[in-house]
Structures are given as structure tokens and as C-alpha cells.
1. Return a yes/no flag: does segment 105-116 have any residue that is over 18 Å from Val43 (Cα atoms) and either open to solvent by less than 10 Å² (accessible area, probe 1.4 Å) or in a loop (DSSP other than H, G, I, E, B) (or both).
2. Pairs please, first residue from segment 44-72 and more than 13 Å from Arg91 (Cβ to Cβ), second anywhere and among the basic types (Lys, Arg) and open to solvent by 10 Å² or more (accessible area, probe 1.4 Å), Cβ atoms under 8 Å, 6+ apart in sequence or on different chains.
3. Are any of the residues in segment 22-43 small (Gly, Ala, Ser) and open to solvent by less than 20 Å² (accessible area, probe 1.4 Å)?
4. Answer yes if at least one residue in segment 120-130 is open to solvent by less than 20 Å² (accessible area, probe 1.4 Å), more than 20 Å from Ala58 (Cα to Cα), aliphatic (A, V, I, L, M) and in contact (Cβ under 8 Å) with a residue 40 or more places away in the chain, and no otherwise.
5. Quick check on segment 44-54: of everything there that is among the hydrophobic types (A, V, I, L, M, F, W, C) and not in a loop (DSSP other than H, G, I, E, B), which residue is surrounded by the fewest Cβ atoms within 10 Å (Cβ to Cβ)?
6. In segment 109-164, which residues are acidic (Asp, Glu) and farther than 19 Å from Thr77 by Cα?
7. Is it the case, given these coordinates, that Gly139 is farther than 23 Å from Val41 by Cα, modelled with pLDDT under 95 and either touching a helix residue (DSSP H, G or I) at 6+ places or on another chain (Cβ under 6 Å) or open to solvent by less than 50 Å² (accessible area, probe 1.4 Å) (or both)?
8. Taking only pairs six or more apart or across chains, which ones have beta-carbon atoms under 7 Å, a first residue in segment 18-35 that is under 18 Å from Phe7 (Cα atoms), and a second residue that is part of a helix (DSSP H, G or I)?
Amino acid sequence: RELPAAFHFAKVGPSGCRTEPQLLEVWHEVAALLSDTTELVGVAYADGDTADCLTPEAVFELAKTAGLGRCLVDTYTKDGRSTVDHLGFTRLRELDVLAKRLGLWWTLAGSVRCEVVAEIRRRGWMPDCFGVRGDVCEGDRTAAVSRKRVERWVAQLASGSRQGPAA
């Protein structure tokens with residue numbers, strides 16, 4: 001059975017996939033359900049120990065091997081701790097370097113706050129995209145999206161010479 005063609009991307013997380021063959025099998029099974037217009041995106045979890053899965057670095061490497069063009073780094077547990085809290089700026093910078101070396105387009109997500117953009121820019125790197133939800137909502141991540149908060153993100157991203165779109 002195919003998934004709806006209306007989606008441009010389908011992100012697939014590696015929870016429970018401790019080995020590369022396990023994750024490749026999951027990706028293959030999901031890819032078989034996607035229309036030609038939907039791109040499979042490999043997800044790497046910042047809190048991979050909790051998700052019982054491969055490291056973000058291993059997911060990026062495997063994504064390249066599998067022919068995927070995009071990866072997303074996210075949190076498995078939605079407990080308020082961010083991807084930055086779990087991995088730190090240094091390791092995220094290393095993932096940025098790895099993604100560029102592999103030719104992968106990557107997204108930083110996982111309770112990312114708008115203020116993180118300035119810090120990343122100050123450190124001299126930038127992901128290709130940011131995945132945001134809670135930081136653009138009125139209240140928690142399940143609340144309505146706030147126009148004012150989205151505009152704050154847009155302004156922050158536009159303020160630098162090297163920018164990526166918010167997603």
C-alpha cells in the first residue's frame with residue numbers, strides 16, 4: 001500500500017535499529033511504500049541511547065551508502081531536552097562537516113530554540129535547514145503556531161549571510 005503522494009518528504013527514524021542491516025531494511029520497506037514524488041529522509045537521534053539505535057554519525061554514513069540525499073537530527077524523547085543539549089555544539093559541528101563531506105543535505109531539529117541560530121552562526125557553521133515546532137508554538141509543542149514566533153525565526157535566519165530555511 002502506498003503512502004499519500006502529497007508529502008514531499010518522509011522522515012524515518014532508526015529507533016530499535018542497532019545495526020546497519022536493520023536500518024537499511026526499515027528504509028527499504030518504507031521506500032517501497034513511497035510515491036516517486038516523496039523523498040525518504042534518514043533520521044538520526046541525538047538521544048540514540050534512549051532510542052536504542054545507531055549514532056548520528058553512523059546514520060549519516062549509512063544514508064549516503066543507501067543513496068539518501070537528506071538526513072535530520074532530532075530527539076527521540078520529547079522531554080524538553082534539545083538536540084544541542086544531547087550532542088553539544090562541537091559534535092553538531094562535526095556532523096555538519098560529515099554531511100558536507102558526504103554531500104548530504106541536513107536538518108537540525110529537536111527542541112531547537114531560535115537563539116541557537118546566532119550561536120551556531122558565531123561558531124562558523126550552519127545546517128541546511130532547521131526543523132522547529134515547539135519554539136514557534138504558543139505554549140508547548142502541541143499548541144497553535146504563533147505568527148510572531150515564526151517571524152522571529154525568519155528574522156534570525158535572515159540576519160546572517162549564511163542561512164538555511166526554517167521547516
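1. yes
2. Pairs that qualify, where the first residue is more than 13 Å from Arg91 (Cβ to Cβ) and the partner is among the basic types (Lys, Arg) and open to solvent by 10 Å² or more (accessible area, probe 1.4 Å), are Asp52/Arg18; Cys53/Arg18; Leu54/Arg18; Ala63/Arg70; Leu72/Lys11.
3. yes
4. Taking every residue of segment 120-130 in turn, none turns out to be open to solvent by less than 20 Å² (accessible area, probe 1.4 Å), more than 20 Å from Ala58 (Cα to Cα), aliphatic (A, V, I, L, M) and in contact (Cβ under 8 Å) with a residue 40 or more places away in the chain.
5. Step by step, filter segment 44-54, then rank; the result is Ala51.
6. Within segment 109-164, Glu115, Glu119, Asp128, Glu138, Glu151 meet the criteria.
7. Considered against the rule, which asks whether it is farther than 23 Å from Val41 by Cα, modelled with pLDDT under 95 and either touching a helix residue (DSSP H, G or I) at 6+ places or on another chain (Cβ under 6 Å) or open to solvent by less than 50 Å² (accessible area, probe 1.4 Å) (or both), Gly139 comes out as no.
8. Trp27/Ala66
The values are calculated or read from the model by the stated rules, or taken from the named source; none is laboratory data. Values in this document were obtained by computation on a predicted structure and should not be read as measured data. With ideal geometry, Cβ positions are generated from the backbone for all residues, glycine too; neighbour counts draw on all protein chains shown. These area figures cover heavy atoms from the full protein model, side chains too; ligands, DNA and RNA do not enter into them. Shrake-Rupley method; radii C 1.70, N 1.55, O 1.52, S 1.80 Å.
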